[in-house]
Amino acid sequence: MSLIKRMLWAIALALVAGMLVVNGVLSYRNTAALAASAAASAHSRDVLNAIDDLQLLVTDAETGQRGYLLAHDASYLAPYESAVRRATTRIAEIDKLIADNHAQLERLAALEPLLAQKFEELRHTLDLEQSGHRQEALALLSTGQGMQLMRDIRSGFDTLRQTEYALQLQRDAAAADIYALSQFNRILGMLVGLGLVVLTLLLLRSDLRARARAAAEIHAQREWFSTTLRSIGDAVIVTDPDGRVQLLNPVAEQMTGWSSAEAAGRALLEVFDIVNEGTRQPAENPVARALREGRIVGLANHTVLRSRSGREYVIEDSAAPSYDAGGKIQGAVMVFHDSSARRETEIALSMASAEIARRANASLAAEQTLTTILENAPIGICMTGPGPDYPIVVISRQMREWIGAAENMPALAAYRKLMPDGREPPPELVPLNRVMKRGETVRDEPWLIERNGRAPLIVIVNVAPVRDSEGTIVGAIHSWVDLTERQRLDHELRVTQSRLRVLVEANVIGLILSFDRDGRVRQANSAFLDMLGFGEHDVAAGAVNLVTQTPAEFRAADQRAFHALTEAGFCTPYEKELLRKDGTRISVVVGYTRVADAADEFVGFALDISARKHLERQLREQAEELLGADRRKDEFLAMLAHELRNPLAPLRNALHLLDTSRARDPAFLAGLVPSMRRQIDQLVRLVDDLLDAARISQGKISIEHALIEVAPSLHAAIESVQPLIQSRGHRLELAVEAQPLYVDGDAARLTQMIANILHNAAKYTPNGGCIGVRLARDGDAVSVRVRDNGQGISAELLPRIFDPFIQDDQSLARSAGGLGVGLALVRRLTELHGGTVTARSAGANQGSEFELRLPLQPAPHGTASGAANARRSAHGNGAVQRVLVVDDNTDLAASTAALLDLWGHQVSVLHNGRHVIDTALQFRPAIVLLDIGLPGMDGFEVARQIRATPALAGVRLIAITGYGQAHDVARAHQVGFDAHLVKPVQPDVLREIIEAGDVTPPVEV
């Protein structure tokens, strides 16, 4: 072939080869881009799944909260608590997933406060429910704030989800474009390949040698690959798409114990046996995961390969899927290596770290020990540094007390040493100079230490040099022993002996100065003898014996004490009783010890603890009283259940009778309705008693102080109890002083106090009995006495009659009824009025008398006319009113409207707070009866809006609600209510308020 032809063929082949190379590069890039796009699309799916999961957690939390509030079942809290706990983790996962998307991060950041607010709202309502404020929790739910917050959260989730879904669609579209381009490149490659085949066929004859050389080169490359596989240090295992072994290189054969031929066709885990290093549980198959997920994966940390021979290797590996030309997985390649050495290094480093930490702790402990020694040593210790100043670097507490705070001060400047004869020594004789300059060790030398403004010390000085590793003196250790302290101790010993003599002679404590092992007392001080009623002549006669003076039940304790005396020479003080000479007993604490160098002589003490034992008995009695109070609480709960059921039973029967044909009989209704009214009044009284009991226990009961006349409150109290008195046929004898009597207090509470005493008298006085009431001035006090001839009060009960939940009638019949809180409330209210209340009774069936005494106040000027005007102002003109009733309780709203209609008023009814303003502007009411706990908008907000509407400025606002605490009343008046009534409201009270006078002109009918 000519040179020109060869050049042309070469150029053609080069062009075709270039096109193949370009196509290969493009295919590689397309494949990489396709893989990246697929990964991005999968990432978007992960984000969408995480967003859905987080939204589901929020929904679960709200569902658990609602279920707990509605069912009051603690099992509903499990999904709530699980959702709250997992939500934080899920938010962090989403934040990590969208870390590369700034816009999504901003949307998540905007959503997080809403989630926190939602969880706080859920937590708050649960706290209210669990603390017993169920109505407040339900009222918070009814505001709709949680629902609006949930809408905002769902909106945030929708925005996140839509944005991520749009991003996923973009990525899927990009992947489709890349896939199309990849297909184009394949077709182009095929065409170019066909062209190359044609060219190859044309050149076949003339290029046989080139093909032979090419075949030789391919063979060489295969040999190179095989040699490389055999020679690399890592183990390699090749599997088919089913995870069965196809090939092992020599390193893999060595580590697994399987030859490539033996392993061929076997399941990977049969050859590649891997477990977790710590748990010894089988580890996950990396090849199966790589084939399943289509990506490179690695083993978890601390994975061990168990060889066929039983040897174990700590390994690290990675597995990657292998694809054919069509992109189909044709198997996997796993590469792993032995990391046992590195693991051993990690363990060694961990052990070294632990050892360093141990040594650091030991060093710290040693430092603390040194500090403890320096702060508690009874001698002076210090350490000085190198010259020329020899600074004091460490000093003990004792030496600091002697010479002052001398840290970092030159040692020679901190104090002066004097010779025993009082002369100042030359520098060469100073112990510090001798040690530092000549290397001497100073031992037990007496010196005087002169101190500014204080007496000199006589000390024994010891100083030793401190040397470094090369033997150079770098400091000194000093110790001073105060001989003055020793002299002081000798003096204190003499003083102690003198004090002991005084103690013995002063007879402050009983001292047994000598007794033998048989308990015979040979010598004792007067305190001990007086304690037992003996004299010195009894001791001399051998009549005082610790054994015979001990009651039988304490003999075992004495035997243990004498055994300890024999073994250890002393016994631990213990309590016992001793018999006095007259046979009475006293409680004592005794302790004995053996006299040194004496085999049968002991000394001891006896401390009279009879007073302490008496105090202990008092404490036990108090504990029993507390147990009694707890028992009374249980009895109160049982009593409450009984008292609540009593009025409910006739009410249920009456309601059933109203559904029968007898309801049309006027005579029958005339007897039935008063019965229902009595039972409802009893229920209201029980609820009031419960509320008062709660206020007493919490210390929240209060009064509004004003100057009030006692007589009206007395008459009001009698009027409130009159139905009970009349029903039982009691004769009421009333004696009221003509002169008005005034006290500083609360008229309503005063009425309640007198009514409770009257009610108590009526309950415990049999039918036909007599009740006497007397109001009079008694010195500087107002006295209200209530006397009856009823069952009386037992002597055991009388001291506790004013305690909560105390009642005399504890039988199952409980004919008197009540909760036992009325008199407790009377006592508390009397105390708030600055007065006293007492009870007297001669015993069972002897009647009882209660007296209420309050401080008398001067009468005000113009009392009669003011009272008359007040009474006159209490009467309204009785005109027809327009009344708007707003209550979400449809039954209550309907019954209230029926009452108002019966009284001749015009009524409109609403059941929520949202439409009150619109309805009021159309209906133009003179009075609005408004519930507080309304759905949608509570009564407080409705009141604010009414007061802010000029057209409704004259409307009278009356709150009718179940919220009756002091702060509820204060808040009602604060937002503009004219009156505050607590459910259930007596119809007469409601009518009086409705018809007491109006702000706007009445509506004529």
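So the check is Cβ under 6 Å with 6+ separation or different chains; which pairs have a first residue in region 131-147 that's farther than 14 Å from Arg66 by Cβ and without any contact (Cβ under 8 Å) to a residue 12 or more places away in the chain and a second one that's buried (at least 16 other Cβ atoms within 10 Å of the Cβ) and among the hydrophobic types (A, V, I, L, M, F, W, C)?
Glu136/Leu128
Which numbered condition trips up Gln739, out of (1) of a type in the set (S, T, N, Q); (2) in a loop (DSSP other than H, G, I, E, B); (3) surrounded by 14 or more Cβ atoms within 10 Å (Cβ to Cβ)?
Gln739 satisfies every listed condition except (3).
Would you point out the residue of region 990-1005, among those that are modelled with pLDDT of 85 or more and open to solvent by less than 80 Å² (accessible area, probe 1.4 Å), that is nearest to the chain's Cα centre (by Cα)?
Leu990
For the list (1) among the aliphatic types (A, V, I, L, M); (2) within 25 Å of Leu691 (Cβ to Cβ); (3) surrounded by 15 or more Cβ atoms within 10 Å (Cβ to Cβ); (4) at pLDDT below 90, I need the number of the one condition that Ala970 fails.
(3)
Determine, yes or no, whether Ala959 is under 25 Å from Thr143 (Cα atoms), in contact with a His (Cβ under 8 Å, 6 or more places away or on another chain), at pLDDT below 90 and open to solvent by less than 60 Å² (accessible area, probe 1.4 Å).
No; evaluated as a whole, the condition is false for this residue.
Being touching a residue at least 12 places away in the same chain (Cβ under 8 Å) and either within 18 Å of Val603 (Cβ to Cβ) or among the small types (Gly, Ala, Ser) (or both) is the filter here, so list the residues in region 534-553 that pass it.
Phe534, Val539, Gly542, Val544, Asn545, Leu546, Val547, Gln549, Thr550, listed by residue number.
Select from region 349-367 the residues that are more than 28 Å from Ser396 (Cα to Cα) and open to solvent by 100 Å² or more (accessible area, probe 1.4 Å) and list them in ascending order.
Scanning region 349-367 gives Leu349, Met351, Ile356.
Name the single residue that is modelled with the highest pLDDT among those in region 96-122 being under 24 Å from the mean Cα position of the chain (by Cα) and open to solvent by 50 Å² or more (accessible area, probe 1.4 Å).
Top of the filtered list is Pro113.
Within region 567-576, restricting attention to residues that are assigned to a loop (DSSP other than H, G, I, E, B) and open to solvent by 70 Å² or more (accessible area, probe 1.4 Å), which residue is nearest to Gly604 (Cα to Cα)? Can you show your working first?
Initial filter on region 567-576 (assigned to a loop (DSSP other than H, G, I, E, B)): 569, 571-573.
Applying the additional criterion that residues be open to solvent by 70 Å² or more (accessible area, probe 1.4 Å) yields 572-573.
Values: Thr572: 11, Pro573: 10 Å.
Only one residue tops the list, namely Pro573.
Yes or no, residue by residue, for (1) modelled with pLDDT of 90 or more; (2) open to solvent by less than 30 Å² (accessible area, probe 1.4 Å); (3) assigned to a strand (DSSP E or B):
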{"position": "Ala897", "(1), (2), (3)": "no, yes, no"}
{"position": "Val909", "(1), (2), (3)": "yes, no, yes"}
{"position": "Asn912", "(1), (2), (3)": "no, no, no"}
{"position": "Gln922", "(1), (2), (3)": "yes, no, no"}
{"position": "Pro925", "(1), (2), (3)": "yes, yes, no"}
{"position": "Leu929", "(1), (2), (3)": "yes, yes, yes"}
{"position": "Gly933", "(1), (2), (3)": "no, yes, no"}
{"position": "Met937", "(1), (2), (3)": "no, no, no"}
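Residue by residue, here is whether (1) at pLDDT 90 or above; (2) assigned to a helix (DSSP H, G or I); (3) of a type in the set (Asp, Glu); (4) open to solvent by 80 Å² or more (accessible area, probe 1.4 Å) holds:
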{"residue": "Leu565", "(1), (2), (3), (4)": "no, yes, no, no"}
{"residue": "Leu578", "(1), (2), (3), (4)": "yes, no, no, no"}
{"residue": "Leu626", "(1), (2), (3), (4)": "no, yes, no, yes"}
{"residue": "Arg631", "(1), (2), (3), (4)": "no, yes, no, yes"}
{"residue": "His642", "(1), (2), (3), (4)": "no, yes, no, no"}
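Only one of (1) more than 20 Å from Glu312 (Cα to Cα); (2) out of contact with any strand residue (DSSP E or B) (no Cβ under 6 Å at 6 or more places or on another chain); (3) touching a residue at least 24 places away in the same chain (Cβ under 8 Å) fails for Ser231. Which number is that?
Going through the list (1) more than 20 Å from Glu312 (Cα to Cα); (2) out of contact with any strand residue (DSSP E or B) (no Cβ under 6 Å at 6 or more places or on another chain); (3) touching a residue at least 24 places away in the same chain (Cβ under 8 Å), Ser231 breaks only (3).
Looking at region 506-549 only, could you name the residues that are open to solvent by 30 Å² or more (accessible area, probe 1.4 Å) and of a type in the set (A, V, I, L, M, F, W, C)?
Hits for region 506-549 are Ala506, Val508, Ile509, Leu513, Ala540, Ala541, Ala543, Val547.
Please tell me if Val275 is under 45 Å from the mean Cα position of the chain (by Cα) and modelled with pLDDT of 85 or more.
Here the answer is yes, as Val275 does meet what is asked.
Which count do you get for residues in region 123-149 that are open to solvent by less than 30 Å² (accessible area, probe 1.4 Å) and assigned to a loop (DSSP other than H, G, I, E, B)?
Of the residues in that region, 1 qualify.
In region 257-315, how many residues are in contact with a strand residue (DSSP E or B) (Cβ under 8 Å, 6 or more places away or on another chain), hydrophobic (A, V, I, L, M, F, W, C) and under 21 Å from Ala42 (Cβ atoms)?
Residues in region 257-315 being in contact with a strand residue (DSSP E or B) (Cβ under 8 Å, 6 or more places away or on another chain), hydrophobic (A, V, I, L, M, F, W, C) and under 21 Å from Ala42 (Cβ atoms): 5 in total.
Out of the residues in region 78-95 that are closer than 15 Å to Thr125 by Cβ and open to solvent by 30 Å² or more (accessible area, probe 1.4 Å), which is nearest to the chain's Cα centre (by Cα)?
Checking each candidate, the answer is Glu81.
What pairs can you find where one residue is in region 654-675 and within 24 Å of Leu724 (Cα to Cα) and open to solvent by 70 Å² or more (accessible area, probe 1.4 Å), the other is assigned to a helix (DSSP H, G or I) and at pLDDT 70 or above, and their Cβ atoms are less than 9 Å apart, with a gap of 6+ or different chains?
Leu655/Met676
Only one of these is out of contact with any Cys (no Cβ under 9 Å at 6 or more places or on another chain), of a type in the set (Val, Ile, Thr), closer than 19 Å to Ser339 by Cβ and open to solvent by 30 Å² or more (accessible area, probe 1.4 Å): Thr279, Thr256. Name it.
Thr279
Collect the residues in region 259-276 that are over 14 Å from Thr303 (Cα atoms), surrounded by fewer than 20 Cβ atoms within 10 Å (Cβ to Cβ) and not charged (D, E, K, R), keeping them in residue-number order.
Kept after step one, since they are over 14 Å from Thr303 (Cα atoms), are these residues of region 259-276: 259-268, 270-271.
Filter once more, so that each one left must be surrounded by fewer than 20 Cβ atoms within 10 Å (Cβ to Cβ): 259-262, 264-267, 270.
Across region 259-276, the qualifying residues are Ser259, Ser260, Ala261, Ala264, Gly265, Ala267.
Of a type in the set (Val, Ile, Thr) and open to solvent by 30 Å² or more (accessible area, probe 1.4 Å): is that true of Val721 in this structure?
No: the conditions fail for Val721.
Given the options Ser82, Ser75, name the one that is under 23 Å from Asp46 (Cα atoms) and in a helix (DSSP H, G or I).
From the options Ser82, Ser75, the qualifying one is Ser82.
Name, by its number, the condition in (1) at pLDDT below 85; (2) open to solvent by less than 70 Å² (accessible area, probe 1.4 Å) that does not hold for Gln857.
Condition (1) is where Gln857 drops out.
Condition first: open to solvent by less than 10 Å² (accessible area, probe 1.4 Å) and under 12 Å from Arg840 (Cα atoms). Now tell me which residues in region 778-791 satisfy that.
Selection gives Val786 alone.
Pull up region 62-77, narrow it to residues that are open to solvent by 60 Å² or more (accessible area, probe 1.4 Å) and of a type outside the set (S, T, N, Q), then point me to the one that is farthest from His133 (Cα to Cα).
Across region 62-77, the extreme among qualifying residues is Tyr76.
Can you give me the number of residues within region 431-445 that are open to solvent by 70 Å² or more (accessible area, probe 1.4 Å) and touching a strand residue (DSSP E or B) at 6+ places or on another chain (Cβ under 8 Å)?
Taking region 431-445 as the starting set, the residues that turn out to be open to solvent by 70 Å² or more (accessible area, probe 1.4 Å) are 437-438, 443-444.
Next cut, touching a strand residue (DSSP E or B) at 6+ places or on another chain (Cβ under 8 Å) only: 443-444.
Within region 431-445, residues that are open to solvent by 70 Å² or more (accessible area, probe 1.4 Å) and touching a strand residue (DSSP E or B) at 6+ places or on another chain (Cβ under 8 Å) number 2.
Checking the structure you have, find out if any residue of region 963-975 is free of Cβ contacts under 8 Å to residues at least 24 places away in the same chain and acidic (Asp, Glu).
no
The values are calculated or read from the model by the stated rules, or taken from the named source; none is laboratory data. The shown structure was predicted, so the numbers you read here are calculated from the model rather than taken from an experiment. Quick reminder, even Gly has a Cβ in these numbers, built from the backbone with ideal geometry, and neighbours come from all protein chains shown. Just so you know, the surface numbers come from the protein's heavy atoms only, side chains and all, with ligands and any DNA or RNA stripped out. Shrake-Rupley method; radii C 1.70, N 1.55, O 1.52, S 1.80 Å.
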